[in-house]
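**Q** Supplied in structure tokens, the structure appears directly below.
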Amino acid sequence: MACQPEETKPSPSLEETMDWVITKFYAEFSPGELKSADQNFFLSNLSSEELKVLSTQFWKFQVNEPVIVSLMIDVDQEVIPFWVEESGFQKTDLQVTNEMYTYNVWRKEFPEGMVELGIPGIENHRTPYFVSVGKADKESDRPLEISNVFPAYQELQSLEIGNPVYTCWDLKLEQYPKELEGDILLATNRGRPREAHLFQAIRETNFPSKGSPDQIALSWNGDPKTSMNIQWRTSLAISDNKLTYWEKGSDSVQVQSSVKELYDRLVYGDSRVNHHTVELKNLSPGTTYFYQIESGNHLSEVYSFKTEPEKGEFSFIWFGDTHNQKDWGELIQEAVRRNPETAFISFTGDMVDHGLYRNEWDDFFGYSGNVFSTTPVMPIPGNHENQDDLGNQLYYDLWSLPKNAPAGTPEESSYSFKYQNAFFLMIDATQEIDQITPWIEEQMKNSDSEWKIVMLHFPPYNWETSYPDIISQWVPLFDQYHVDLALSGHKHYYMRSFPLNNGEQVDNFSQGTVYVLSTGTGYNPTPIDAEEPYAFYRENKSHYYQRVEIDENRLDFKTYNGDGNVVDEFVIRK
């Protein structure tokens with residue numbers, strides 16, 4: 001009987017291999033050893049099978065005839081990926097440029113079939129290589145076809161001046177040599193180097209998980225009069241969690257939490273934690289509730305929250321960028337001590353430096369103390385929550401928010417809610433502007449609230465960066481439906497505009513929108529060197545929080561600096 005050919009065992013995925021590699025390193029070496037190690041240390045401690053996966057399973061595609069594959073590698077990348085020369089790529093004298101960077105061209109011929117390429121390096125070099133593919137026989141009449149591309153989201157386009165080389169990063173091709181004419185350009189995601197990050201990658205958390213519940217935070221995704229969501233963290237060993245809640249003089253109710261494991265493989269010794277959520281419904285308006293969390297054998301303190309009253313005045317606190325800094329944590333604790341009646345706290349993005357680094361969210365919660373256990377949080381993401389175009393998934397895992405986002409965007413990215421006679425439109429300005437514009441108009445058109453407040457990360461008006469799409473598409477809607485306040489962060493200084501309509505100063509608040517941008521930490525002490533004719537007041541001497549109080553037809557706005565002093569204030573009456 002003829003022998004059957006031996007089946008080829010498929011290679012492990014890059015993700016599986018990196019999970020194993022990092023687990024192995026963390027088991028065999030101390031944080032100090034890993035932090036001081038050079039690139040050769042990591043490569044010399046990888047097996048031949050692991051090196052093979054890192055050399056072939058990062059980028060794959062099939063070609064229907066022999067091709068020449070060109071790797072465009074940033075001239076400033078000090079260490080060329082280990083597999084490039086080993087696999088037969090040769091450096092040429094050719095170069096490619098975009099608006100910011102220059103790339104050397106490395107080339108290799110491949111036969112018809114599958115092309116397998118490796119990682120852009122084990123360091124987190126933020127301008128990874130991209131690829132062009134051309135026919136080896138330029139005289140061939142057969143059309144070149146590229147198929148079965150992995151990862152599937154990688155974009156195929158013609159190699160032409162003006163086409164982007166990275167997805168969601170508008171760096172356009174400026175120059176390329178004639179040898180690449182007719183090639184197909186494979187643009188890539190600039191965040192992909194993190195998939196194989198080993199060198200200087202280790203992160204330790206200042207606030208490791210434990211058996212008892214921590215990172216307790218309130219928010220809501222329903223009616224703030226009748227609902228409240230409560231989230232918290234435990235170590236992976238604690239999965240059985242219950243929450244008991246009650247109002248004074250009434251029987252208690254016990255609720256089992258839903259649990260999701262959060263995994264960040266580069267957090268040394270604490271890569272996996274459990275995140276718990278309960279959603280309380282059918283609550284009574286204007287009522288104080290008490291609650292306590294039971295995690296295994298551990299009991300939390302007793303905390304309390306208050307649902308929105310049927311009517312009456314309220315206040316909220318708003319922060320610009322906080323970047324998980326300790327000085328901001330001290331500021332928010334002081335703000336809530338001074339204003340214990342605060343209905344909720346909002347953030348206009350960039351709450352942490354790196355949105356997918358769980359240890360930075362540990363800092364965010366740890367430095368803020370127990371503030372969020374009694375005061376709900378209603379945030380929006382900024383560009384740092386979605387740094388390098390890798391998505392906001394950890395942000396979505398940590399917060400439980402209204403699910404009424406624009407079609408085609410993540411369901412908790414942008415949202416709206418009503419609190420008393422104020423309507424809040426929370427816009428994720430890192431999403432596609434065109435997708436959000438119709439949603440803004442629909443939300444505004446359907447709101448009959450006395451006050452309209454918009455929060456978005458990118459400030460339409462500032463002295464450093466222009467946002468023409470926001471100004472052309474969203475500002476006219478703010479004018480048409482008379483938004484009272486548009487609150488932003490991103491730029492690390494404080495600015496409050498005159499009331500503006502169509503970008504021009506108007507006589508009073510009833511005719512225009514007040515634009516405010518602020519920073520909760522990390523202010524830029526560099527003097528502001530440009531005029532801002534729309535600005536009523538600006539400074540960059542501290543970091544700030546804003547308290548907004550609304551009482552029927554009166555809005556009282558105060559900005560406090562890091563010393564607790566009022567630096568700006570105004571009142572709007574209707």
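**Q** Taking segment 156-195 as the search range and keeping residues that are over 15 Å from Asn98 (Cβ atoms) and acidic (Asp, Glu), which one is surrounded by the most Cβ atoms within 10 Å (Cβ to Cβ)?
**A** Of the residues in segment 156-195, the ones over 15 Å from Asn98 (Cβ atoms) are 156, 158, 178-179, 181-184, 189, 191-195.
Narrowing the set further to residues that are acidic (Asp, Glu) leaves 179, 181, 183, 195.
Numbers: Glu179: 16, Glu181: 11, Asp183: 21, Glu195: 18.
Among residues in segment 156-195 that are over 15 Å from Asn98 (Cβ atoms) and acidic (Asp, Glu), the one surrounded by the most Cβ atoms within 10 Å (Cβ to Cβ) is Asp183.
**Q** Do we have any residue at all in segment 525-535 that's touching a strand residue (DSSP E or B) at 6+ places or on another chain (Cβ under 6 Å), modelled with pLDDT of 95 or more and closer than 20 Å to Glu341 by Cα? Give the derivation first.
**A** Keep residues of segment 525-535 that are touching a strand residue (DSSP E or B) at 6+ places or on another chain (Cβ under 6 Å), which gives 534-535.
Now restrict to residues that are modelled with pLDDT of 95 or more: 534-535.
Those left that are additionally closer than 20 Å to Glu341 by Cα: none.
Within segment 525-535 (the criterion being touching a strand residue (DSSP E or B) at 6+ places or on another chain (Cβ under 6 Å), modelled with pLDDT of 95 or more and closer than 20 Å to Glu341 by Cα), the answer is no, since none of the residues qualifies.
**Q** Mind checking which residues of segment 231-243 are in contact (Cβ under 8 Å) with a residue 40 or more places away in the chain and either assigned to a strand (DSSP E or B) or surrounded by fewer than 21 Cβ atoms within 10 Å (Cβ to Cβ) (or both)? Working first, answer last.
**A** So in segment 231-243, the residues in contact (Cβ under 8 Å) with a residue 40 or more places away in the chain come out as 231-234, 237-238, 240-243.
Those that are in contact (Cβ under 8 Å) with a residue 40 or more places away in the chain and either assigned to a strand (DSSP E or B) or surrounded by fewer than 21 Cβ atoms within 10 Å (Cβ to Cβ) (or both): Gln231, Trp232, Arg233, Thr234, Ala237, Asp240, Asn241, Lys242, Leu243.
**Q** Something else now. Considering only segment 19-64, how many residues are within 16 Å of Ala201 (Cα to Cα), assigned to a helix (DSSP H, G or I) and small (Gly, Ala, Ser)?
**A** So the answer is 3.
Residue-wise test of (1) within 25 Å of Glu313 (Cβ to Cβ); (2) of a type in the set (D, E, K, R); (3) under 11 Å from the mean Cα position of the chain (by Cα); (4) at pLDDT 95 or above.
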position: Asp363; (1), (2), (3), (4): no, yes, no, yes
position: Ser368; (1), (2), (3), (4): no, no, no, yes
position: Thr374; (1), (2), (3), (4): yes, no, no, yes
position: Gly382; (1), (2), (3), (4): no, no, yes, yes
position: Phe424; (1), (2), (3), (4): yes, no, no, yes
position: Asp428; (1), (2), (3), (4): no, yes, yes, yes
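**Q** Only one residue in Lys306, Lys311 is charged (D, E, K, R) and at pLDDT 95 or above. Which one?
**A** Working: Lys311 fails: at pLDDT 95 or above.
None of the others qualify; the one that does is Lys306.
**Q** Being free of Cβ contacts under 8 Å to residues at least 40 places away in the same chain, under 30 Å from Asp141 (Cα atoms) and aromatic (Phe, Trp, Tyr) is the requirement here; does Phe89 meet it? Give the steps one after another, and end with the answer.
**A** Details: free of Cβ contacts under 8 Å to residues at least 40 places away in the same chain: yes; under 30 Å from Asp141 (Cα atoms): yes; aromatic (Phe, Trp, Tyr): yes.
So Phe89 fits the description; yes.
**Q** Name the residues in segment 189-207 that are at pLDDT 90 or above and touching a Ser or Thr at 6+ places or on another chain (Cβ under 8 Å), would you?
**A** None; the set is empty.
**Q** Which of the residues belonging to segment 424-452 are touching a helix residue (DSSP H, G or I) at 6+ places or on another chain (Cβ under 8 Å) and either at positive phi or surrounded by 19 or more Cβ atoms within 10 Å (Cβ to Cβ) (or both)? Please lay out each step first, then the result.
**A** Residues of segment 424-452 touching a helix residue (DSSP H, G or I) at 6+ places or on another chain (Cβ under 8 Å): 425, 427-429, 433-434, 437, 440-441, 444, 452.
Those that are touching a helix residue (DSSP H, G or I) at 6+ places or on another chain (Cβ under 8 Å) and either at positive phi or surrounded by 19 or more Cβ atoms within 10 Å (Cβ to Cβ) (or both): Leu425, Ile427, Asp428, Ala429, Ile440, Met444, Lys452.
**Q** Which condition breaks for Trp246 when tested against (1) in contact with a helix residue (DSSP H, G or I) (Cβ under 9 Å, 6 or more places away or on another chain); (2) surrounded by fewer than 21 Cβ atoms within 10 Å (Cβ to Cβ); (3) of a type in the set (Phe, Trp, Tyr)?
**A** All conditions pass for Trp246, except number (1).
**Q** Could I ask something else about it? When only residues in segment 125-134 that are touching a Pro at 6+ places or on another chain (Cβ under 8 Å) and surrounded by 19 or more Cβ atoms within 10 Å (Cβ to Cβ) count, which is farthest from Val67 (Cα to Cα)? Spell out the reasoning first.
**A** Filtering segment 125-134 down to residues touching a Pro at 6+ places or on another chain (Cβ under 8 Å) leaves 125-126, 128-129.
Keeping just the survivors that are surrounded by 19 or more Cβ atoms within 10 Å (Cβ to Cβ) gives 125, 128-129.
Values: His125: 27, Pro128: 22, Tyr129: 18 Å.
Among those residues, the one meeting the criterion is His125.
The values are calculated or read from the model by the stated rules, or taken from the named source; none is laboratory data. Remember, it's a predicted structure, so these values are computed and weren't measured experimentally. Glycine also receives a Cβ, built like all others from the backbone with ideal geometry; neighbour counts cover every protein chain displayed.
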